[in-house]
Amino acid sequence: MNDNPLAKHFRQPKLYIQFPSKGNFYPDGSLEETETGDYPIFAMTAKDELTMKTPDALLNGQATVSVIQSCVPNIKNAWHLPSIDVDAILIAIRIATYGEKMDLTFNIKEIDEERTFEVDLRSVLDQLTSEPYENIIDTDTVRFEVSPLSYKYFTQIAMKSFEEQRLFASVNDDSLTDEEKLSKFNESFSRITDLNIFNVTKSVIAVQFPGEDTVTHAGHIVEFFNNTDKSIYSTVIEHLDRERDKFTVKPFKVTLPQEDIERGAPEEILIPITFDQSNFFA
């Protein structure tokens, strides 16, 4: 019980949403479930807004975790939330704080001029929460049960991937001999391969062959993917990519003014909606 006489004036929920995951895939204790499946979303505080403008905290994911736990109090540990919920939750927080409309400024490269377009974030949010996550992969020989990566693992993979891409680019360093370049290339390629395997094995939670017991031991699943046919691995990774894409914000399609088209601009362009401090949380 809060004895602060100002408590009744504290922020209240601005909207309620259903998560794309429908509340599934959360570890025990990380989500306080509601009876209806609708979760309250609060506007950001001044502290939250400053947090979303801290570069280091944004890079390692801590800013996103802190703001989600502040604005979606039913989520007790945002590191554990399914990664498919992240985009929808961030859009909902943006709507709660600034409203449903957002201006996007984009440079039209064909005419080298900027144009500003208005995005209806409510319609984007509705698209993200309308489809189910398919967590079963059935093949002719084996069945897999999968789950979305947690935000923790998703962030770890993203940071490692960024680092590997940076190291991969160093292969073109003119100061290196051909032998050194080849060695760096092989090392980087091996780490990227391991990263892809890590992605799959953290998503697959059960494997079952017909007439056999279901295997859920993480170590056994890792060993299986290190020793299975490429076709099986490809089936799993394609399914995971397809499901992840369903819950990722797509670029915004806009039609350009006729006068821009007459000057050489295309009739339509796709503008990415990115979650960075310069445009989304400002």
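Identify all residues within segment 209-229 that are assigned to a helix (DSSP H, G or I) and touching a residue at least 24 places away in the same chain (Cβ under 8 Å); write none if there are none.
Residues of segment 209-229 assigned to a helix (DSSP H, G or I): 218-225.
Once the filter is applied, which keeps residues that are assigned to a helix (DSSP H, G or I) and touching a residue at least 24 places away in the same chain (Cβ under 8 Å), segment 209-229 yields 222, 225.
Being among the polar types (S, T, N, Q) and within 30 Å of residue 204 (Cα to Cα) narrows it down to one residue among 18, 12; which is it?
Details: 12 fails: within 30 Å of residue 204 (Cα to Cα).
Of the residues listed, the single one that is among the polar types (S, T, N, Q) and within 30 Å of residue 204 (Cα to Cα) is 18.
For every residue, the table says whether it meets (1) of a type in the set (Asp, Glu); (2) farther than 30 Å from residue 45 by Cβ.
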position: 203; (1), (2): no, yes
position: 213; (1), (2): yes, yes
position: 221; (1), (2): no, yes
position: 227; (1), (2): no, yes
position: 244; (1), (2): no, yes
position: 247; (1), (2): no, no
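What tally of residues in segment 87-105 results from selecting those that are assigned to a strand (DSSP E or B) and surrounded by fewer than 16 Cβ atoms within 10 Å (Cβ to Cβ)?
Of the residues in that region, 3 qualify.
Would you call residue 150 assigned by TED's automatic domain parsing to the domain that holds residue 84, under 16 Å from residue 20 (Cα atoms) and of a type in the set (Ser, Thr, Tyr)? Steps first, answer last, please.
Working: assigned by TED's automatic domain parsing to the domain that holds residue 84: no; under 16 Å from residue 20 (Cα atoms): yes; of a type in the set (Ser, Thr, Tyr): yes.
No; evaluated as a whole, the condition is false for this residue.
Tell me yes or no: at least one residue of segment 222-230 is among the charged types (D, E, K, R), closer than 30 Å to residue 92 by Cβ, modelled with pLDDT of 90 or more and assigned by TED's automatic domain parsing to the domain that holds residue 147. Break it down stepwise before answering.
Taking segment 222-230 as the starting set, the residues that turn out to be among the charged types (D, E, K, R) are 223, 229-230.
Right, trim to closer than 30 Å to residue 92 by Cβ and you get none.
Taking every residue of segment 222-230 in turn, none turns out to be among the charged types (D, E, K, R), closer than 30 Å to residue 92 by Cβ, modelled with pLDDT of 90 or more and assigned by TED's automatic domain parsing to the domain that holds residue 147.
Could you tell me how many of the residues in segment 1-15 are out of contact with any strand residue (DSSP E or B) (no Cβ under 8 Å at 6 or more places or on another chain) and part of a loop (DSSP other than H, G, I, E, B)? Walk me through it before giving the result.
Quick first cut of segment 1-15, residues out of contact with any strand residue (DSSP E or B) (no Cβ under 8 Å at 6 or more places or on another chain) only: 1-12.
From what's left, part of a loop (DSSP other than H, G, I, E, B): 1-6, 10-12.
Within segment 1-15, residues that are out of contact with any strand residue (DSSP E or B) (no Cβ under 8 Å at 6 or more places or on another chain) and part of a loop (DSSP other than H, G, I, E, B) number 9.
To keep it simple, each residue is scored yes or no on (1) without any contact (Cβ under 8 Å) to a residue 24 or more places away in the chain; (2) in contact with a His (Cβ under 8 Å, 6 or more places away or on another chain); (3) part of a helix (DSSP H, G or I).
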{"position": "152", "(1), (2), (3)": "no, yes, yes"}
{"position": "185", "(1), (2), (3)": "yes, no, yes"}
{"position": "188", "(1), (2), (3)": "no, no, yes"}
{"position": "192", "(1), (2), (3)": "no, no, yes"}
{"position": "231", "(1), (2), (3)": "yes, no, yes"}
{"position": "237", "(1), (2), (3)": "no, no, yes"}
{"position": "245", "(1), (2), (3)": "yes, no, yes"}
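Based on this model, can you work out whether residue 118 counts as assigned to a strand (DSSP E or B), at pLDDT below 95, surrounded by fewer than 16 Cβ atoms within 10 Å (Cβ to Cβ) and not basic (Lys, Arg)?
Details: assigned to a strand (DSSP E or B): yes; at pLDDT below 95: yes; surrounded by fewer than 16 Cβ atoms within 10 Å (Cβ to Cβ): yes; not basic (Lys, Arg): yes.
It is true that residue 118 is assigned to a strand (DSSP E or B), at pLDDT below 95, surrounded by fewer than 16 Cβ atoms within 10 Å (Cβ to Cβ) and not basic (Lys, Arg).
Please find, among 27, 40, 20, the residue that is in the same structural domain as residue 122 (by TED's automatic domain parsing), surrounded by 10 or more Cβ atoms within 10 Å (Cβ to Cβ) and out of contact with any Phe, Trp or Tyr (no Cβ under 9 Å at 6 or more places or on another chain). Spell out how you get there, then give the answer.
Working: 40 fails: out of contact with any Phe, Trp or Tyr (no Cβ under 9 Å at 6 or more places or on another chain); 20 fails: out of contact with any Phe, Trp or Tyr (no Cβ under 9 Å at 6 or more places or on another chain).
Only one candidate qualifies: 27.
The values are calculated or read from the model by the stated rules, or taken from the named source; none is laboratory data. This is a predicted model, so every value here is computed, not measured. Heads up, the Cβs are rebuilt from the backbone with ideal geometry, glycines too, and the neighbour counts pull from every protein chain shown.
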